[in-house]
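The values are calculated or read from the model by the stated rules, or taken from the named source; none is laboratory data. Since the structure is predicted, the reported quantities are computational estimates derived from the model, not experimental observations. Here Cβ is always computed from backbone atoms with ideal geometry, including for glycine, and neighbour counts include all displayed protein chains. Just the protein is used for accessible areas: all its heavy atoms, side chains included, with ligands, DNA and RNA removed. Shrake-Rupley method; radii C 1.70, N 1.55, O 1.52, S 1.80 Å.
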Amino acid sequence: MTPQTVNAYYNPTTNEICFPAGILQAPFFDPTADDAFNYGAIGVVIGHEMTHGFDDQGRHYDKDGNMTDWWTAADADNFNKKADVFVKFFSAIKVLPDLNANGKLTLGENLADHGGLEVSFNAYKHATKDATLNTVDGLTPDQRFFLAYAGVWAANITDEEIRNLTKMDPHSLGRWRVNGALPHINAWYDAFNVKPGDKLYLPENERLKLW
């Protein structure tokens, strides 16, 4: 990637993570914003790339970048069973009236979003445990964490491009990187007081519990 590229990656063969300078600006990172915003935006991206080392593909590479089966058979089996929750969940999403998302194609990226949200939210709470963050425009710090994450994936997209990306992109569409990921994050329910009957509510036993 070039320095001006707005993107990031994890390379399993070299066990490296790269964040080009281009992504270190709003809406991903704002040096004038508080921790609630930055952990919800660039923090989740950092956690996302870290999680790729342990997703359905990255877990097959060891710390030296070699393709090695370093997990126990029991751990691998349990991982696959839990990950299948996401395959089925995302495959049931209607991205268009006649088109479903591809939960198998997008599994690694969906797992990385899930791990990124969990890691970054926990890091944010640890970093601010002795600090008092303000409520801004009626939004609590925890709410602003998740709103910052959602803002990263806001986009306009045509139906034609939805079809194109659904068939070939290993990432879920931006809308579903938010509406598909957050219902599996318990802290999101607490932040917005999401209750049974609310649109995106999932019973706790249907939420992914992977990490």
- Note on the structure: The farthest towards the positive end of the charge dipole of the range 93-169, of the residues Thr140, Asn100, Ala154, given +1 on Cβ of Lys and Arg and -1 on Cβ of Asp and Glu, is Thr140
- Query: Which shape class, rounded, prolate or oblate, goes with the range 1-109 when its Cα gyration tensor gives a ≥ b ≥ c as root eigenvalues, a/c under 1.5 marks rounded, and past that a/b bigger than b/c marks prolate?
  - Reply: oblate
- Solvent-accessible area of Ser172 with every protein chain in place, 1.4 Å probe, in Å² to the nearest 10: 20 Å²
- What Rg and what Dmax come out for the range 1-48 when only alpha-carbon atoms are used, in angstroms? 11.3, 36
- Query: Which residue fluctuates the most in the chain, going by a Gaussian network model with Cα springs under 10 Å, if the choices are Ala101, Ala187, Ala127?
  - Reply: Ala127
- Note on the structure: In debye to the nearest 20, the charge dipole size for the range 1-59, taken about the Cα centre with +1 at each Lys and Arg Cβ and -1 at each Asp and Glu Cβ, equals 140 debye
- Message: List the pairs from Lys63/Lys167; Lys94/Lys167; Lys82/Lys104; Lys88/Lys167; Lys81/Lys104 whose alpha-carbon separation is above 24 Å, in the order I gave them.
- Response: Lys63/Lys167
- May I ask you to list the residues of the range 1-42 whose amide nitrogen lies under 18 Å from a point 7 Å from Cα along the Cα→beta-carbon direction of Asp64? 12-16
- Describe numerically, in nm with one decimal, the distance between label points set 7 Å from Cα along Cα→Cβ at Lys195 and at Asn15. 4.9 nm
- Just how large is the dipole of the range 8-122 about the Cα centre, in debye to the nearest 20, putting +1 at every Lys and Arg Cβ and -1 at every Asp and Glu Cβ? 340 debye
- Query: Probe 1.4 Å, all protein chains in place: accessible area of Lys129 in Å², nearest 10?
  - Reply: 130 Å²
- Query: Which of the listed residues, Met67, Gly47, Phe29, is farthest toward the dipole's positive end in the range 5-76, when Lys, Arg count +1 and Asp, Glu count -1 at the beta-carbon?
  - Reply: Phe29
- Task: Would you mind putting 47-54, 155-162, 3-10 in packing order, based on average other-beta-carbon counts within 10 Å, highest first?
- Result: 47-54, 3-10, 155-162
- Cβ charges +1 (Lys, Arg) and -1 (Asp, Glu), total dipole of the chain, debye: 440 debye
- For Tyr61, enumerate residues with amide H under 5 Å from its amide H, sequence gap 5+ or separate chain, H modeled in the peptide plane. Thr68
- Message: For a quick check, take a GNM of the chain with Cα springs below 10 Å and name the residue from Asn122, Asn38, Asn102 with the largest mean-square fluctuation.
- Response: Asn122
- Message: I'd like to know which of Ala181, His171, Asn205 lies farthest towards the positive end of the charge dipole of the range 163-211, counting +1 on Cβ of Lys and Arg and -1 on Cβ of Asp and Glu.
- Response: His171
- Message: Using DSSP H assignments, which helices in the chain have an axial alpha-carbon span of 24 Å or above and a mean Kyte-Doolittle hydropathy of -0.5 or higher?
- Response: 73-91, 107-127
- Message: Sort 82-90, 144-152, 13-21, 194-202 by the packing proxy (mean of other Cβ within 10 Å over each peptide's residues), most packed first.
- Response: 144-152, 82-90, 13-21, 194-202
